[in-house]
1. Residue under question is residue 323, and the condition is that it be of a type in the set (Lys, Arg) and closer than 25 Å to residue 171 by Cβ; does it hold?
2. So, residue 270, is that one part of a helix (DSSP H, G or I), under 15 Å from the mean Cα position of the chain (by Cα) and free of Cβ contacts under 8 Å to residues at least 12 places away in the same chain or not?
3. Scan the stretch 369-383 and give yes if some residue there is surrounded by 11 or more Cβ atoms within 10 Å (Cβ to Cβ), touching a Lys or Arg at 6+ places or on another chain (Cβ under 7 Å) and modelled with pLDDT of 95 or more, otherwise no.
4. I'm trying to understand the selection: among the residues of the stretch 279-316, which are small (Gly, Ala, Ser) and within 20 Å of residue 142 (Cα to Cα)?
5. Of these, 100, 162, which one is over 15 Å from residue 297 (Cα atoms) and within 16 Å of the ligand (Cβ to nearest atom)?
6. Look at residue 108 and say whether it is of a type in the set (Val, Ile, Thr) and within 16 Å of the ligand (Cβ to nearest atom).
7. List, please: which pairs have Cβ atoms under 8 Å, are six or more places apart or on different chains, and start with a residue in the stretch 117-146 that is closer than 24 Å to residue 64 by Cβ and without any contact (Cβ under 8 Å) to a residue 40 or more places away in the chain and end with one that is among the aromatic types (Phe, Trp, Tyr) and within 16 Å of the ligand (Cβ to nearest atom)?
8. Among the residues of the stretch 87-97, how many are of a type in the set (S, T, N, Q) and either surrounded by fewer than 24 Cβ atoms within 10 Å (Cβ to Cβ) or away from the ligand (no atom under 11 Å from the Cβ) (or both)?
Amino acid sequence: MAGRNFLFVPGPTNVPDRVLRAMMVAMEDHRSSKFPELTLSLFSDLKQVFKTVAGQAFIYPSTGTGAWEAALANTLSPGDKVLAPRFGQFSHLWIDMMKRLGLQVEVIEAEWGEGAPLAAIEQALMRDRERQIKGVMIVHNETATGVTSDIAGVRAALDAARHPALLYVDAVSSLASIDFRMDEWGVDLAVSGSQKGLMMPAGLGIVCASPKALLASREARCARVFFDFADMQRANADGYFPYTPSLPLLHGLRASLDMLFAEGLENVFARHHRLAGGVRAAVAAWDLQTCCREPRWLSDTVTAVMVPPGVNGAHVIDVAFRRYNLALGAGLSVVAGKLFRIGHLGDLNELMLLGALAGAEMAMADVGIAVVPGSGVGAAQQFWRRTDPVPKKRVARSEVVYASHSTGSINA
Ligand code: PLP
């Protein structure tokens, strides 16, 4: 199909040309004396993205799932009790992993479309007088439902119960696009991957561990080899890895961090917030609902759009892909067929997103959903024009030349 594929799944996201170019490198010796110049800066700069001073960042040739496993296996022992709310496919999969690693999981069930249930978490922690719960696991941004949970609220629940459990947060689809404050929120293990806010291909699993988590790792008895913090700490201290790292991805990460810092992290978050506002305006104009149940949980990186009864969301996605070369995210598991997702994170601006909204609108109309063509696109345009001041008029050089010619001067 001619033209670019419009990639609007909530990860992998569009990889900026600068990052693509940075990854086109000849292979180097990863044991050379020069190699640490690249890696040491990555370890320290990643901490800025997690907003931690005290934490330590680990980069694994892996994905978000590997980073989940690294966080759990390094800090817990088989039989340990942990507390985890389940409110979407990714919290579900993480819980499944916890069980398969031999942990005893107290699951708090919540509706898909809700955020982490703070009161229930606090009550469970209060009930645990013996302090058997070793960890509380929360998915910050549930990519399956477009829901962002209140991590500061989870920390407050732990503090209210005076509970010493470690706080584990999945920041896979929030890091570098929604504000994440590891130190301020007292997060002990923050987990992410390269293919979302970091604007890279999949292939890096990233974990940031607090000093308390690193201490716990010394006693933890879950088996780990590839993911072992201790091996990583020994090698990383001088800028090396205990195995062969992916050189192109590390160069890509360098370019991605440079781009994020050049824009400024707070500006990156504000851009995502504003872009998400336009998508939400479009959904309202289509007269459809988001899967997210309450405005306070609305995600700035992904919007899950419920399709009307009798329509299969997979049909919208299929038509969007085959007819308009637009990739939308599928409904997963419990919400399969009930929704489609628009990813709006990473290297993205208004006009790119208008293309996705236009394509979604056409595909919805094609499968019989009663949306008025242009309604969502128009609403998003209005929203973005309203929320960004019009730039001051700048006089172009050509106008100056033209004006001076018309008054007779030839030296303008
Ligand atoms: N957690 C969340 C919130 C995700 O969105 C994903 C993937 O989309 C994962 C974990 C798993 O990450 P990966 O597919 O990189 O293993």
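The values are calculated or read from the model by the stated rules, or taken from the named source; none is laboratory data. Not measured: the values here are computed from a predicted model. In this analysis, Cβ positions are derived from the backbone assuming ideal geometry, glycine residues included, and neighbour counts consider all displayed protein chains.
1. On the way: of a type in the set (Lys, Arg): yes; closer than 25 Å to residue 171 by Cβ: no.
It is false that residue 323 is of a type in the set (Lys, Arg) and closer than 25 Å to residue 171 by Cβ.
2. Working: part of a helix (DSSP H, G or I): yes; under 15 Å from the mean Cα position of the chain (by Cα): yes; free of Cβ contacts under 8 Å to residues at least 12 places away in the same chain: yes.
In short, yes.
3. Initial filter on the stretch 369-383 (surrounded by 11 or more Cβ atoms within 10 Å (Cβ to Cβ)): 369, 371-383.
Adding the requirement that they be touching a Lys or Arg at 6+ places or on another chain (Cβ under 7 Å) leaves none.
No, that holds for no residue.
4. First, pick out the residues of the stretch 279-316 that are small (Gly, Ala, Ser): 281-282, 284-285, 299, 304, 310, 313-314.
Of everything in the stretch 279-316, those that are small (Gly, Ala, Ser) and within 20 Å of residue 142 (Cα to Cα) turn out to be 299, 304, 313, 314.
5. Numbers: 162 fails: within 16 Å of the ligand (Cβ to nearest atom).
Sole residue among the options that is over 15 Å from residue 297 (Cα atoms) and within 16 Å of the ligand (Cβ to nearest atom): 100.
6. Values: of a type in the set (Val, Ile, Thr): yes; within 16 Å of the ligand (Cβ to nearest atom): no.
It is false that residue 108 is of a type in the set (Val, Ile, Thr) and within 16 Å of the ligand (Cβ to nearest atom).
7. 117/87
8. So in the stretch 87-97, the residues of a type in the set (S, T, N, Q) come out as 89, 91.
Among the residues that remain, those that are also either surrounded by fewer than 24 Cβ atoms within 10 Å (Cβ to Cβ) or away from the ligand (no atom under 11 Å from the Cβ) (or both) are: 89.
Going through the stretch 87-97 one residue at a time, the tally reaches 1.
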